[in-house]
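To start, the structure under review is shown below, and the notes come after it.
The values are calculated or read from the model by the stated rules, or taken from the named source; none is laboratory data. Worth saying up front: this structure is predicted, and the values here are computed from it rather than measured. With ideal geometry, Cβ positions are generated from the backbone for all residues, glycine too; neighbour counts draw on all protein chains shown. Note: accessible area is taken over every heavy atom of the protein model, side chains too, but ligands, DNA and RNA are not part of it. Shrake-Rupley method; radii C 1.70, N 1.55, O 1.52, S 1.80 Å.
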Amino acid sequence: MDPQHTAAPAAEFDPDAFLVVPPRTFEDLRVGEVFRAPSRTLTDAHAAAFQTVSADNHPVHYDAEWARRHGHSAPVVHGLQVLAFTAPGATLFPHFIGEVFLSFLELSCTFLAEVHSGDTLYPALTVTGLEPRGENGVVVTAATIHNQRGELVLSGQHQYLLRRGAGATGG
């Protein structure tokens, strides 16, 4: 057997040390840091799946003729589906803060333009505030989504509660 291709003994492998990115604490984060999600092109299948899950059966979301009669160029992707693209888990953010994450506190958003099947979305979370609160801290992020034309289609804010302190990473 080739020694270069021999598996290391199991005792040398630590699953807890198998991390996507080095862990960080609340104190390691900086205002202005950006956590992007991969771009995604929405399809009719995505919209249909969300319609099924959400049970939202308004014709603006699936009936092209109804949508046109009411001033839309095509069926409109559900706003909550667009908002879902700002989920922190779509970025590397939770990998950085996984050991100190306590809860997702709050979110808000404004829908600025319609999204249709065929649009490509570019989500990002930008750290805009770091608010120490005793043993914990609140991270505030601006949540944005642009489309393939560079238009801002969603603008919002998230807040997360993180444990503070050097011992917060558990190691």
Flagged pairs (Cβ under 6 angstrom, 6 or more apart or on separate chains; first in segment 94-105, aliphatic (A, V, I, L, M); second open to solvent by 40 Å² or more (accessible area, probe 1.4 Å) and not in a helix (DSSP H, G or I)) are 100/163; 102/163
Output the residues belonging to segment 30-48 that are farther than 17 Å from residue 126 by Cβ and outside any strand (DSSP E or B).
-> 42, 43, 44, 45, 46, 47, 48
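Which of the residues belonging to segment 141-159 are polar (S, T, N, Q) and either touching a His at 6+ places or on another chain (Cβ under 6 Å) or more than 12 Å from residue 82 (Cα to Cα) (or both)?
Kept after step one, since they are polar (S, T, N, Q), are these residues of segment 141-159: 141, 144, 147-148, 155, 157, 159.
Matches in segment 141-159: 141, 148, 157, 159.
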Taking segment 46-83 and keeping only residues that are of a type in the set (A, V, I, L, M) and free of Cβ contacts under 8 Å to residues at least 12 places away in the same chain, one is left with 49, 53, 55, 64, 67
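Would you mind finding the one in 93, 26, 85 that is open to solvent by less than 50 Å² (accessible area, probe 1.4 Å) and touching a Lys or Arg at 6+ places or on another chain (Cβ under 6 Å)?
Numbers: 93 fails: touching a Lys or Arg at 6+ places or on another chain (Cβ under 6 Å); 85 fails: touching a Lys or Arg at 6+ places or on another chain (Cβ under 6 Å).
It is 26.
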Output the residue which, of all residues in segment 105-125 that are open to solvent by less than 40 Å² (accessible area, probe 1.4 Å) and not hydrophobic (A, V, I, L, M, F, W, C), is farthest from the chain's Cα centre (by Cα).
-> 116
